[in-house]
1. Out of contact with any Leu (no Cβ under 6 Å at 6 or more places or on another chain), closer than 30 Å to residue B:205 by Cα, open to solvent by less than 70 Å² (accessible area, probe 1.4 Å) and within 13 Å of another protein chain (Cβ to nearest Cβ): does that describe residue B:108?
2. So which residues in the stretch A:154-169 are surrounded by 17 or more Cβ atoms within 10 Å (Cβ to Cβ) and in a helix (DSSP H, G or I)?
3. Answer yes or no as to whether residue B:39 is away from every other protein chain (no Cβ under 14 Å), closer than 26 Å to residue A:133 by Cβ, touching a Leu at 6+ places or on another chain (Cβ under 9 Å) and free of Cβ contacts under 8 Å to residues at least 40 places away in the same chain.
4. Looking for whichever is assigned to a loop (DSSP other than H, G, I, E, B), of a type in the set (A, V, I, L, M) and either in contact (Cβ under 8 Å) with a residue 40 or more places away in the chain or assigned by TED's automatic domain parsing to the domain that holds residue B:216 (or both) here; the options are B:86, B:52, B:125, B:81. Which one fits?
5. If residue B:98 satisfies every condition in (1) more than 9 Å from chain A (Cβ to nearest Cβ); (2) within 30 Å of residue B:15 (Cβ to Cβ) but one, which is the exception?
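The values are calculated or read from the model by the stated rules, or taken from the named source; none is laboratory data. Here the structure is a predicted model, which is why all the values come from computation and not from measurement. Here the Cβ positions follow ideal geometry from the backbone for every residue, glycine too, while neighbour counts run over all protein chains shown. Surface accessibility is based on the protein's heavy atoms, side chains included, excluding ligands, DNA and RNA. Shrake-Rupley method; radii C 1.70, N 1.55, O 1.52, S 1.80 Å.
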Amino acid sequence: MRTDTRERRLDLVAFMGALCLFFSTLEYLFPKPVPFFRLGLANIPVLLALELFSPGYVLLLVALKVVGQGLVNGTLASYVFLFSAAGSIASALVMLAVHRAGRRWISLVGVSLFGSLASNVVQISLSVTFIFGSTAWVIAPAFLGIGVASGLVVGVFAKRFAERSRWFARMKEAIGGA
Amino acid sequence: MARRRRPRPPNRLALHASARDVFVCGIVSIVAFLFQSSIVVRAAQVLVFAMLATYAGKRIRWGYFVMIVSSITLFNLLTPLGRVMLEVGPVTITSGALEQGVFKGLAIAGLVFISLFAVRPDLKLPGSFGGLVARVFYYFEIVLESRQRIRATALVSSIDDALLEIYPGFDGDAAPAGRAAPAGGAGPAPRLVTTTDAIGAIMLGTVAAANTVLAIVF
């Protein structure tokens, strides 16, 4: 019985990993206002996973998302993968902490905002340290501004989906929720 | 608002070489590339890696890479290093900073190009995590099949309807109702070869050996 529940959760994590890849491909359909800009649509399933799984499964989903994107985009052996992994892991840890600590007061919009900022701070730090040099801190405010905007968009969508989706309600019921 | 993507060109490298062998060649190339100290040789290597990536069916966005290399060089120029080449108002262009910036920019572009030709979705990762990644790709193909049903005007409800059909829940057993997910090892792209033929071996061997020799000589 316990094995069944674990297998169900693993299967759903794999399915949500596929949704991350799907949202990631959807992102390419939208024109980018600036070259480095990313909406972060692939984070929507991760935000939903916070309501479904325990932290271990959420981190597993993030690992699947990062590796899957690396394989699909062919960036697994490049700095892009390291940046993506570092940003995604930092974002997931912050989102898990905020979601656990402030579940009563902070909605998925707020959680997404914190996650997006964490990801941006880590990626800016890495690019300053390894690529551009310390002078690149001048562009940090602009990137953080973009992070706030994209975090809000993703958070609003995830919150609306979590409230209205019959599928999400069914999954929550099937595996018991976080 | 949304633009339609052009179909991706075929991966011709995948017709001759297995995902694992191409990946190993990529790893050897990365190590040799990073040990390269000549800026001219590094620039030539970047071009060769870009050609290989194109051969592997990847579309290179040249504008993006020119901008990456330019911006890395620009930020490096802000910290003067070495002989002064030019002074334009408050900006001083030094040879050391310029060389370092271009060198770093080429490294970044080269690593991305290597990754683009060396990594493909049917690369099987070992262990239970590798099995889960295979399961992700199995579901990804199913999700992609139903993308036409998603409407921008009713985004939440159309996605919800699609999800209810693709992954309706559990019928007592562990697998979702209606579908039986593979336990692992299921790779997409069945037309890709799983063993490397003679042409593939010659190509990959040449790439790996040439980069290694260049790293030793220069």
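1. Values: out of contact with any Leu (no Cβ under 6 Å at 6 or more places or on another chain): yes; closer than 30 Å to residue B:205 by Cα: yes; open to solvent by less than 70 Å² (accessible area, probe 1.4 Å): yes; within 13 Å of another protein chain (Cβ to nearest Cβ): yes.
Criteria met by residue B:108.
2. Step one: of the stretch A:154-169, the residues surrounded by 17 or more Cβ atoms within 10 Å (Cβ to Cβ) are A:154-155, A:157-159, A:161-162, A:165, A:167-168.
Listed by number, the residues that qualify are A:154, A:155, A:157, A:158, A:159, A:161, A:162, A:167, A:168.
3. Numbers: away from every other protein chain (no Cβ under 14 Å): yes; closer than 26 Å to residue A:133 by Cβ: yes; touching a Leu at 6+ places or on another chain (Cβ under 9 Å): yes; free of Cβ contacts under 8 Å to residues at least 40 places away in the same chain: no.
Judged against the criteria, residue B:39 is not a match.
4. On the way: B:86 fails: assigned to a loop (DSSP other than H, G, I, E, B); B:52 fails: assigned to a loop (DSSP other than H, G, I, E, B); B:125 fails: either in contact (Cβ under 8 Å) with a residue 40 or more places away in the chain or assigned by TED's automatic domain parsing to the domain that holds residue B:216 (or both).
None of the others qualify; the one that does is B:81.
5. (2)
Residue-by-condition table, conditions (1) over 16 Å from residue B:116 (Cα atoms); (2) not polar (S, T, N, Q):
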{"position": "B:7", "(1), (2)": "yes, yes"}
{"position": "B:13", "(1), (2)": "no, yes"}
{"position": "B:38", "(1), (2)": "yes, no"}
{"position": "B:61", "(1), (2)": "no, yes"}
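Every residue, every condition in (1) modelled with pLDDT under 95; (2) open to solvent by less than 20 Å² (accessible area, probe 1.4 Å), yes or no:
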site	(1), (2)
A:58	no, yes
A:62	no, yes
A:68	yes, yes
A:76	yes, no
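Residue by residue, here is whether (1) among the β-branched types (Val, Ile, Thr); (2) closer than 25 Å to residue A:64 by Cβ; (3) at pLDDT below 90 holds:
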position: A:91; (1), (2), (3): no, yes, no
position: A:95; (1), (2), (3): no, yes, no
position: A:102; (1), (2), (3): no, no, yes
position: A:109; (1), (2), (3): yes, yes, no
position: A:133; (1), (2), (3): no, no, yes
position: A:153; (1), (2), (3): yes, yes, no
position: A:167; (1), (2), (3): no, yes, no
